[in-house]
Every structure is written in C-alpha cells, then in structure tokens.
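Before any comments, here is the structure.
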Amino acid sequence: MSLSDAARAVRENAYVPYSKFKVGAAVRTPSGAIHAGCNVENAAYPEGTCAEAGAIAAMVAAGETEIAEVYVIADSPTPVSPCGGCRQKIAEFADGAVKVTLATTDGDEFETTVADLLPGAFNPRQMERT
Ligand code: THU
C-alpha cells in the first residue's frame with residue numbers, strides 16, 4: 001500500500017464526535033515500513049490527539065525512530081495544514097529535507113518539507129554536544 005493510500009484509509013477510523021473533522025496521517029521510515037494514525041478526540045477536548053501524533057506513536061511502538069516521508073490528508077478546502085505541535089513532533093524524527101505531502105480528500109496535494117513547515121526547529125541534533 002502506498003503512503004497516500006495508508007493515510008486515506010486510516011482517516012476513515014478517525015474518532016471525531018466533536019469536530020467531525022477526520023484526519024489521516026502516514027509516515028514511511030527508511031526501512032520502507034509505513035505507520036498510520038488518525039485523530040482521536042476526547043470529551044475533555046484538550047486530551048484529543050492529532051493524526052500525526054498517532055502515526056508517530058505507531059512508528060515508535062513498532063521500534064522505529066526515523067521518518068523518511070510524511071503524508072497527511074483531510075476533507076479540507078485546501079491541503080490540510082498540520083498544527084504547530086505536530087510540526088514539532090515530526091521534526092523530532094525527521095531531517096529538514098524530508099518530504100511532507102499535505103492533501104485534501106478531493107485529490108489536491110501540496111508538497112513541502114519539514115524545514116519549510118517549521119523553520120529553525122529545535123530538534124535533538126541541537127543537543128549533540130551535551
Ligand atoms: N487535526 C489533526 O489530526 N491533524 C492536523 O494536521 C490538523 C488538525 C485534528 C485535531 C482535531 O481532532 C481536529 O483535527 C480539528 O482540529
């Protein structure tokens with residue numbers, strides 16, 4: 001299954017009784033494995049989690065910690081824009097040059113990079129001297 005198909009498929013499982021806004025995310029690792037996640041909301045609204053966070057959690061649970069590519073999809077008028085927190089979560093595991101594709105369910109895609117999404121990101125590489 002392609003990265004886009006994985007994100008599109010997992011989006012169907014999103015638990016979104018409050019926003020009704022389903023999001024799917026998938027990350028590919030250097031091994032070629034794909035890990036997917038959807039948003040999971042909560043009656044205590046701040047406890048909800050984003051699709052990107054779910055995909056990253058699945059990746060780490062599977063024993064991998066490096067992202068080679070990201071795909072995020074939602075039924076948005078323009079390609080869905082990851083929230084600030086998710087940009088930081090992606091930057092934890094991806095180099096700046098890593099490709100991120102943002103998509104609508106209608107098939108509109110916008111290709112960007114981790115560095116463009118979060119310029120000057122603080123990431124683990126900055127603590128290499130400690
Ligand atoms: N959401 C994501 O899962 N990822 C994004 O990139 C944007 C927003 C979710 C959070 C919440 O469940 C819903 O979309 C509305 O904000």
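Values quoted throughout were computed directly from the atomic coordinates according to the rules given, and no laboratory measurement underlies them. Being a predicted model, the structure only gives us computed values, none of them experimental. All Cβ positions, even for glycine, are placed from backbone atoms using ideal geometry, and neighbour counts span all protein chains on display.
Taking only DSSP H segments of four or more residues, each worth -39500 (n - 2.57), what value at 222 nm results for the chain once the sum is divided by all its residues, to the nearest 500 deg cm²/dmol?
-7000 deg cm²/dmol
With each label point set 7 Å from Cα along the Cα-Cβ vector, what nm distance links Asp116 and Ser4?
It is 1.6 nm.
Pick out which of Val23, Val60, Val80 has the largest mean-square fluctuation in a Gaussian network model of the chain, springs linking Cα atoms closer than 10 Å.
Val60
For the chain, with a Gaussian network of springs between Cα atoms less than 10 Å apart, report the residue from Pro46, Pro17, Pro79 with the top mean-square fluctuation.
Result: Pro46 has the largest fluctuation of those listed.
Cross-link partners among aspartates and glutamates for Lys99, C-alpha distance below 14 Å, same-chain residues fewer than 8 apart left out?
Counting by Cα, and skipping residues close in sequence, Lys99 has these aspartates and glutamates nearby: Glu66, Glu69, Glu109, Glu111, Asp116.
Scan the chain and hand back the longest stretch that contains none of the GluC sites (Glu not before Pro) lying in DSSP loops with at most 15 other Cβ atoms within 10 Å.
67-127
At q = 0.18, 0.22 Å⁻¹, work out log10 I(q)/I(0) for the chain with the Debye formula, treating every Cα as an identical point scatterer and leaving solvent out; two decimals please.
Debye curve over Cα of the chain, log10 I(q)/I(0) at q = 0.18, 0.22 Å⁻¹: -0.92, -1.33.
If you take the beta carbon distance between Glu109 and Arg129 as r and set R0 to 30 Å, what does 1/(1 + (r/R0)^6) give as a FRET efficiency, to the nearest 0.05?
Efficiency, rounded to the nearest 0.05: 0.20.
Could you work out how much longer the chain between Lys99 and Tyr18 gets when fully extended? Use 0.36 nm per residue separation minus the Cα distance between them, nm to one decimal.
Working it through step by step, the gained length comes to 26.1 nm.
How high is the FRET efficiency from Asn42 to Gln88, r the C-beta distance, R0 30 Å, rounded to 0.05?
0.90
Calculate how many DSSP beta bridges within segment 26-130 are antiparallel, expressed in % of all such bridges and rounded to the nearest 5.
65
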